[in-house]
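Input: a single structure, listed below in structure tokens.
The values are calculated or read from the model by the stated rules, or taken from the named source; none is laboratory data. Small disclaimer: the values here were computed from a predicted structure and weren't measured. A quick note on method: Cβ atoms are made from the backbone with ideal geometry, for glycine too, and the neighbour counts reach across all protein chains shown. The accessibility values were calculated without ligands, DNA or RNA, using every heavy atom of the protein model including side chains. Shrake-Rupley method; radii C 1.70, N 1.55, O 1.52, S 1.80 Å.
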Amino acid sequence: MNMAKLSEKIGYGLGDAAAGGITWKVMSIAFPFFFTNIFGLTVADAGALMLLARLFDVVTDPLMGAIADRTKSRWGTYRPWLIFGAIPLGLVFALLLYTPDLGPAGRRVYAYALYLLMMVVYTAVNVPYGSLLGVMTADDNERNQFSSYRMVGAYAMGFITLFSFPYLQKMVGGTPAHQYAVLGVVLGALAALGTLACGLLTKERLEPVRAEKFSLKPFADLVHNKPWIYLTLIGICTNFFNGFRYAVAAYLFEYCMHGDVTVSKLIINYTVFMMFGEAVCMIVGGLAPRFTQWVGSKHKAFAWAAIICAVSSVAFFFIPMDPAWIWVMVANVIVTSIGIGIYSPLLWSMYADVADYATAANGTSSTGLIFSSGTMAQKFGSAISGALVALLLGAAGLISSQDPVTGETVVSITNQASVQTMIWSLFSLFPAAIAGLILLLLRLYPIKK
């Protein structure tokens, strides 16, 4: 591999290191807990916020895909959105982790406004980023390699982010709100730099086949595109699977493990716990193309990955809810992450297949629109699962509010056993059911390559 091609693949990987490994990883794993236990939103408000954002994305994601497909500039079709969207992405992310000195109503308005703005900026960057894969190369094996670099970048940075999080909090000191605010600035800056580097290091070699005028026809064509329908449902399910586990991990340590677990000076909190999985996904993601060649197709590799996820998730439910079993829990996370590491790069490569199918069937390119559904599935699955986690924990007996006098967050539990069982199920049985649904959808997905 020549150095120019290697630097481009690394650059493409940096794009998801920024978006997936930093911004989305923190939003998925920390935001539900941050909003309810630190920022001071009620459980109902936190759940409603994420649900509202998902309804918002139903409009903005496909619209951004259509806009990106029609962009013409000296930097290309999709790259300018990364180059000029990098700084806004990092800035809004930092502001979202800041807890303003406002009353309950003021904080609620701040959270809603910044969270929705973050979704807009993330969409404006991530939809074009995903679409880049469709115009950098037409070679299927090379697309798989780019997808692997993307996943390795995302999981490697996710590993660094999650592992360093508790130690950085300890280094920053002060209140949890102060810690999150400072880390928001640091991680936001890194996300901006990674996104900018991706935009500058990648190349667009294929010219999209554009429609002469803006039309709603590409949107209508999607309704008749069976591969797109099933792959979008699969994408939503994979992000439901990840979303439940990440969103509930902080609650698992807070209310089932009763705080961080220290083993030989290693601090295992919810971010470090999930970090073990990130490390495995990073390694397995890089090997996914070889595994795919070994089993014979992306379709079969994806099915094996879903089976691994389903079996290991059910097994987690039967692990005793005791810190003494922490390494058994870690081992289970590692096994589950083998499945996640296999299917993650395959999903984006399969979106490129669907984009090619749509171009051949309709005569014009809808690459951005197709890939926007992948980003929409990512945000829809992760945030809806986060909202459901908050709402289901509220129904089980977890109550969160902000003291109107002191402004401090107050959390109480009306039924501890119910809350603990719900947390354990959200990390195990709920994802297992989703993995079973993925297997069903794969049987219906018509592209078997």
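A few notes on this one:
Here's the yes/no breakdown for (1) within 28 Å of Thr271 (Cα to Cα); (2) hydrophobic (A, V, I, L, M, F, W, C); (3) not in a helix (DSSP H, G or I):
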{"position": "Phe84", "(1), (2), (3)": "no, yes, no"}
{"position": "Thr123", "(1), (2), (3)": "yes, no, no"}
{"position": "Ala154", "(1), (2), (3)": "yes, yes, no"}
{"position": "Gly174", "(1), (2), (3)": "yes, no, yes"}
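- Note on the stretch 160-183: residues that are open to solvent by 70 Å² or more (accessible area, probe 1.4 Å) and of a type in the set (A, V, I, L, M, F, W, C) total 3.
- Criterion applied to Tyr115, Tyr78, Tyr129, Tyr149 was being under 30 Å from Thr36 (Cα atoms) and of a type in the set (Phe, Trp, Tyr), and the one residue passing it is Tyr115.
- Which numbered condition Ile438 misses (of (1) open to solvent by less than 60 Å² (accessible area, probe 1.4 Å); (2) under 18 Å from Tyr251 (Cα atoms); (3) at pLDDT 90 or above; (4) not aromatic (Phe, Trp, Tyr)): (2)
- Ala105 being in a helix (DSSP H, G or I) and buried (at least 16 other Cβ atoms within 10 Å of the Cβ): no
- Filtering the stretch 24-43 for residues that are open to solvent by 10 Å² or more (accessible area, probe 1.4 Å), farther than 27 Å from Cys281 by Cβ and of a type in the set (Phe, Trp, Tyr) leaves an empty set.
- Within the stretch 1-47, considering residues that are among the polar types (S, T, N, Q) and over 20 Å from Leu96 (Cβ atoms), the one modelled with the lowest pLDDT: Asn2
- Filtering the stretch 412-435 to residues that are under 13 Å from Tyr255 (Cβ atoms) and open to solvent by 50 Å² or more (accessible area, probe 1.4 Å) leaves Ser412, Ile413, Thr414, Asn415, Gln416, Ala417, Thr421.
- Verdict on Asp57 being in contact with a Phe, Trp or Tyr (Cβ under 7 Å, 6 or more places away or on another chain), part of a helix (DSSP H, G or I) and acidic (Asp, Glu): yes
- Here Ser337, Ser313 are screened, and the one residue that is at pLDDT 95 or above and under 21 Å from the mean Cα position of the chain (by Cα) is Ser313.
- The residue pairs whose first member lies in the stretch 177-189 and is under 15 Å from Lys25 (Cα atoms) and in contact (Cβ under 8 Å) with a residue 60 or more places away in the chain, whose second member is among the aromatic types (Phe, Trp, Tyr) and open to solvent by 50 Å² or more (accessible area, probe 1.4 Å), and whose beta carbons are closer than 8 Å, counting only pairs six or more residues apart or on different chains, are Tyr180/Tyr98; Gly184/Tyr98.
- Where helices (runs of 4 or more DSSP H) sit wholly within the stretch 1-47, none has at least 3 residues that are within 11 Å of the chain's Cα centre (by Cα), more than 18 Å from Trp348 (Cβ to Cβ) and β-branched (Val, Ile, Thr).
- Residue satisfying all of: in the stretch 313-343; open to solvent by less than 10 Å² (accessible area, probe 1.4 Å) and polar (S, T, N, Q); nearest to Val280 (Cα to Cα) among these: Ser337
- Some residue of the stretch 55-71 being open to solvent by 50 Å² or more (accessible area, probe 1.4 Å), under 20 Å from Val185 (Cα atoms) and without any contact (Cβ under 8 Å) to a residue 40 or more places away in the chain: no
- In the set (1) in contact (Cβ under 8 Å) with a residue 12 or more places away in the chain; (2) farther than 15 Å from Ser428 by Cβ; (3) not hydroxyl-bearing (Ser, Thr, Tyr), the condition left unmet by Ile319 is number (2).
- Taking the conditions (1) open to solvent by less than 10 Å² (accessible area, probe 1.4 Å); (2) more than 29 Å from Val284 (Cα to Cα); (3) among the small types (Gly, Ala, Ser) in turn, Gly130 satisfies each one other than (2).
- Residues in the stretch 391-421 that are out of contact with any helix residue (DSSP H, G or I) (no Cβ under 6 Å at 6 or more places or on another chain), modelled with pLDDT of 90 or more and of a type outside the set (A, V, I, L, M, F, W, C): Thr421 only.
- Qualifying helices (runs of 4 or more DSSP H) (wholly inside the stretch 208-309; at least 1 residues being out of contact with any His (no Cβ under 9 Å at 6 or more places or on another chain), open to solvent by less than 30 Å² (accessible area, probe 1.4 Å) and modelled with pLDDT of 80 or more): 226-251, 270-295
- Qualifying residue in the stretch 126-134 (condition: at pLDDT below 90, out of contact with any strand residue (DSSP E or B) (no Cβ under 9 Å at 6 or more places or on another chain) and either over 26 Å from Ile340 (Cα atoms) or not in a helix (DSSP H, G or I) (or both)): no
- Any chance Thr202 is crowded, with 24+ Cβ neighbours inside 10 Å, at pLDDT 85 or above and among the polar types (S, T, N, Q): yes
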